[in-house]
Amino acid sequence: MIFEIFRTLLHYSLHFLAPILLGYLFWRKNWKIASLLMIGTMAIDIDHLLATPIFDPNRCSVGFHPLHTSWAALIYLGIWFLPSWKLKAIAVGCLFHLFTDSVDCYLGGLKPNLTITMSCDKNYFISDLNSNSII
Ligand SMILES: [Zn+2]
């Protein structure tokens, strides 16, 4: 019980307080806007609405929801290279969001799925031919 309270406090502290600290450390001149932009990256949790159930305490969101995948992380990383401190703050916020959710998964005994897979599945194609589903 105490561990779950600690886990929840840590999770929401990382989501809401760490961005303020990061904003102050990296964008001191604009730390308030940078912090708000990073906190605003909580919006990527909108992808939970695509899942059924929307919230499952036994599911790790990292690697499951579209905006929480490795592919999304690569896009966030790409955004970081764009020449705008506001976009960099959003990129850092999104990546830190994934880190925060990963920490929560580990503490909950769930494993984040951060593998990147690319496949050209020929077996699927062959099975389509065998079942005549293409015709
Ligand atoms: Zn999330």
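The values are calculated or read from the model by the stated rules, or taken from the named source; none is laboratory data. Given the structure is predicted, the values throughout are model-derived calculations rather than measurements. In this analysis, Cβ positions are derived from the backbone assuming ideal geometry, glycine residues included, and neighbour counts consider all displayed protein chains. These accessible areas exclude ligands, DNA and RNA; they are computed on the full protein's heavy atoms, side chains included. Shrake-Rupley method; radii C 1.70, N 1.55, O 1.52, S 1.80 Å.
Observations on the model:
- Filtering the stretch 38-54 to residues that are farther than 12 Å from residue 97 by Cα and more than 11 Å from the ligand (Cβ to nearest atom) leaves 49, 50, 51, 52, 53, 54.
- Tabulated pairs, the stretch 16-32, first touching a residue at least 24 places away in the same chain (Cβ under 8 Å), second surrounded by fewer than 13 Cβ atoms within 10 Å (Cβ to Cβ), C-beta under 9 angstrom, 6+ apart or interchain: 23/32
- For the stretch 63-97, the set of residues classified as of a type in the set (Phe, Trp, Tyr), within 11 Å of the ligand (Cβ to nearest atom) and part of a loop (DSSP other than H, G, I, E, B) consists of 64 only.
- Matching residues, the stretch 5-34, being surrounded by 15 or more Cβ atoms within 10 Å (Cβ to Cβ) and outside any helix (DSSP H, G or I): 27
- The condition of being touching a helix residue (DSSP H, G or I) at 6+ places or on another chain (Cβ under 8 Å), in contact (Cβ under 8 Å) with a residue 60 or more places away in the chain and not basic (Lys, Arg) holds for only one of 10, 37, 77, 67, that being 10.
- Qualifying residue in the stretch 98-108 (condition: within 16 Å of the ligand (Cβ to nearest atom) and more than 23 Å from residue 19 (Cβ to Cβ)): no
- Counted residues, the stretch 46-58 - those being open to solvent by 40 Å² or more (accessible area, probe 1.4 Å) and either assigned to a helix (DSSP H, G or I) or touching a Pro at 6+ places or on another chain (Cβ under 9 Å) (or both): 3
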